[in-house]
1. Mind listing just one residue for me: the one in region 1-59 that is of a type in the set (D, E) and under 13 Å from N96 (Cβ atoms) and, of those, most open to solvent (accessible area, probe 1.4 Å)?
2. Which residues, counting only those in region 57-95, are touching a residue at least 24 places away in the same chain (Cβ under 8 Å) and acidic (D, E)?
3. What residue, of G113, G42, is without any contact (Cβ under 8 Å) to a residue 12 or more places away in the chain and at positive phi?
4. Would you call G65 assigned to a loop (DSSP other than H, G, I, E, B), modelled with pLDDT under 95 and open to solvent by 50 Å² or more (accessible area, probe 1.4 Å)?
5. Check F104 against each of (1) open to solvent by less than 60 Å² (accessible area, probe 1.4 Å); (2) farther than 18 Å from S7 by Cα; (3) among the aromatic types (F, W, Y) and name the one condition it does not meet.
6. I'd like the full set of residues that are part of a strand (DSSP E or B), under 22 Å from G54 (Cα atoms) and among the hydrophobic types (A, V, I, L, M, F, W, C), limited to region 84-113.
7. Does S84 satisfy the condition of being open to solvent by 50 Å² or more (accessible area, probe 1.4 Å), under 15 Å from the mean Cα position of the chain (by Cα) and either modelled with pLDDT of 95 or more or under 18 Å from Q112 (Cα atoms) (or both)?
8. Name the residue that is farthest from D89 (Cα to Cα), counting only residues in region 4-22 that are small (G, A, S) and either modelled with pLDDT under 95 or assigned to a loop (DSSP other than H, G, I, E, B) (or both).
Amino acid sequence: QVQLVESGGGLVQPGGSLRLSCASSGSFFSINAMGWYRQAPGKERELVATITSGGSTNYGDSVKGRFTISRDNAKNTVYLQMNSLKPEDTAVYYCNAKLTSSRFYNYTYWGQGTQVTVSS
């Protein structure tokens, strides 16, 4: 079984910064991509950022220029540096990983989520 564990969420004032981490563990052949999605109350889950094993990144329009996704392939960990945070960034942030299993099937896994609250 694969587990994704997020950390780094919390309460921050507008304009502040947070750094989220997501560590993956378990049995799998490879990680093809990892990323972050978020969901605010009453809204659908939306893309924040993704990064492939080759280093290609993709960002949601609302976070471009403020958030940066990075990875440590050796540790199977992905990070999200969030700067210039706004109240509208308040959401539960979910780590996502697209994996190839030991049987060479592709799966998508989700973490439990970490709350980010931007408020004065």
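1. As a first pass, look at region 1-59 and keep what is of a type in the set (D, E): 6, 44, 46.
If we keep only those that are under 13 Å from N96 (Cβ atoms) as well, we get 6, 46.
On the way: E6: 27, E46: 77 Å².
Going through the qualifying residues, I end up with E46.
2. E88, D89, listed by residue number.
3. Numbers: G113 fails: without any contact (Cβ under 8 Å) to a residue 12 or more places away in the chain.
Result: G42 is the single residue among G113, G42 that is without any contact (Cβ under 8 Å) to a residue 12 or more places away in the chain and at positive phi.
4. Numbers: assigned to a loop (DSSP other than H, G, I, E, B): yes; modelled with pLDDT under 95: no; open to solvent by 50 Å² or more (accessible area, probe 1.4 Å): yes.
Here the answer is no, as G65 does not meet what is asked.
5. Failing condition for F104: (1).
6. Going residue by residue through region 84-113, those that are part of a strand (DSSP E or B) are 91-100, 106-110.
Now restrict to residues that are under 22 Å from G54 (Cα atoms): 94-100, 106-110.
Selection gives C95, A97, L99, W110.
7. Details: open to solvent by 50 Å² or more (accessible area, probe 1.4 Å): yes; under 15 Å from the mean Cα position of the chain (by Cα): no; either modelled with pLDDT of 95 or more or under 18 Å from Q112 (Cα atoms) (or both): yes.
It is false that S84 is open to solvent by 50 Å² or more (accessible area, probe 1.4 Å), under 15 Å from the mean Cα position of the chain (by Cα) and either modelled with pLDDT of 95 or more or under 18 Å from Q112 (Cα atoms) (or both).
8. Filtering region 4-22 down to residues small (G, A, S) leaves 7-10, 15-17, 21.
From what is left, the residues that are either modelled with pLDDT under 95 or assigned to a loop (DSSP other than H, G, I, E, B) (or both) are 8-9, 15-17.
Details: G8: 15, G9: 12, G15: 11, G16: 11, S17: 11 Å.
Among those residues, the one meeting the criterion is G8.
The values are calculated or read from the model by the stated rules, or taken from the named source; none is laboratory data. All figures in this text were calculated on a predicted structure; none of them were measured in a lab. Glycine also receives a Cβ, built like all others from the backbone with ideal geometry; neighbour counts cover every protein chain displayed. Side chains are part of the model used for accessible areas, which takes the heavy atoms of the whole protein and leaves out ligands, DNA and RNA. Shrake-Rupley method; radii C 1.70, N 1.55, O 1.52, S 1.80 Å.
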